[in-house]
1. Filter region 26-46 down to the residues that are out of contact with any helix residue (DSSP H, G or I) (no Cβ under 7 Å at 6 or more places or on another chain) and assigned to a helix (DSSP H, G or I) and list them by number.
2. For region 79-99, name all the residues that are in a helix (DSSP H, G or I) and under 18 Å from residue 135 (Cα atoms).
3. Among (1) surrounded by fewer than 16 Cβ atoms within 10 Å (Cβ to Cβ); (2) modelled with pLDDT under 90; (3) within 19 Å of residue 118 (Cα to Cα), there is one condition residue 61 misses while meeting the rest; what is its number?
4. Given (1) modelled with pLDDT of 90 or more; (2) assigned to a helix (DSSP H, G or I); (3) surrounded by 18 or more Cβ atoms within 10 Å (Cβ to Cβ), identify the lone condition not met by residue 107.
5. State all residues of region 110-144 that are closer than 13 Å to residue 93 by Cα and part of a helix (DSSP H, G or I); if no residue qualifies, say none.
6. So residue 55 passes all but one of these: (1) part of a loop (DSSP other than H, G, I, E, B); (2) surrounded by 14 or more Cβ atoms within 10 Å (Cβ to Cβ); (3) modelled with pLDDT of 90 or more. Which condition number does it fail?
């Protein structure tokens with residue numbers, strides 16, 4: 001497995017984890033603006049997943065659907081945390097932390113990709129930055 005495939009797989013696992021966790025958040029959020037925006041964020045993660053899968057397929061690799069052990073642990077932790085902390089502000093704070101962590105990881109991996117894939121990964125990073133800013137702005141409008 002070449003370096004590009006290794007890092008595409010890591011990003012794909014992250015997108016799968018994000019999708020699964022966003023579904024948990026959506027189940028806890030009341031109907032309204034925040035839920036609609038979080039649903040849009042989920043759709044963005046699904047699009048990123050599809051783009052990463054297509055990058056792998058075009059390289060002759062078969063993408064694996066899953067989150068790995070770390071992802072399963074994060075999903076379980078999120079489910080447990082949502083039992084106690086299920087207020088919209090708490091959820092949005094968690095979303096911000098998760099999006100920041102994902103952005104940081106993707107930026108860290110950028111230098112590992114070949115020159116041919118970097119522009120595609122940079123587009124994902126730009127979209128992640130915009131989503132992180134949206135989450136930040138949403139939190140700023142919420143009551144404490």
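The values are calculated or read from the model by the stated rules, or taken from the named source; none is laboratory data. All values derive from a computational prediction rather than experimental measurement. Note that each Cβ is placed from the backbone with ideal geometry, even for glycine, and that neighbours are counted across all protein chains shown.
1. Residues satisfying the conditions are 27, 33, 36, 40, 43.
2. Across region 79-99, the qualifying residues are 88, 89, 90, 91, 92, 93, 94, 95, 96, 97, 98, 99.
3. For residue 61, the exception is condition (1).
4. It fails just one condition, (3).
5. 132, 133, 134, 135, 136, 137, 138, 139, 140, 141
6. (1)
To keep it simple, each residue is scored yes or no on (1) in contact with a helix residue (DSSP H, G or I) (Cβ under 6 Å, 6 or more places away or on another chain); (2) more than 25 Å from residue 136 (Cβ to Cβ); (3) in a helix (DSSP H, G or I).
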| position | (1), (2), (3) |
| --- | --- |
| 16 | no, no, yes |
| 24 | yes, no, yes |
| 49 | yes, no, yes |
| 64 | no, yes, no |
| 101 | no, no, yes |
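Each row is one residue, and each column tells you yes or no for (1) under 29 Å from residue 120 (Cβ atoms); (2) more than 16 Å from the chain's Cα centre (by Cα).
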{"site": "7", "(1), (2)": "yes, no"}
{"site": "30", "(1), (2)": "no, yes"}
{"site": "57", "(1), (2)": "yes, yes"}
{"site": "70", "(1), (2)": "yes, no"}
{"site": "97", "(1), (2)": "yes, no"}
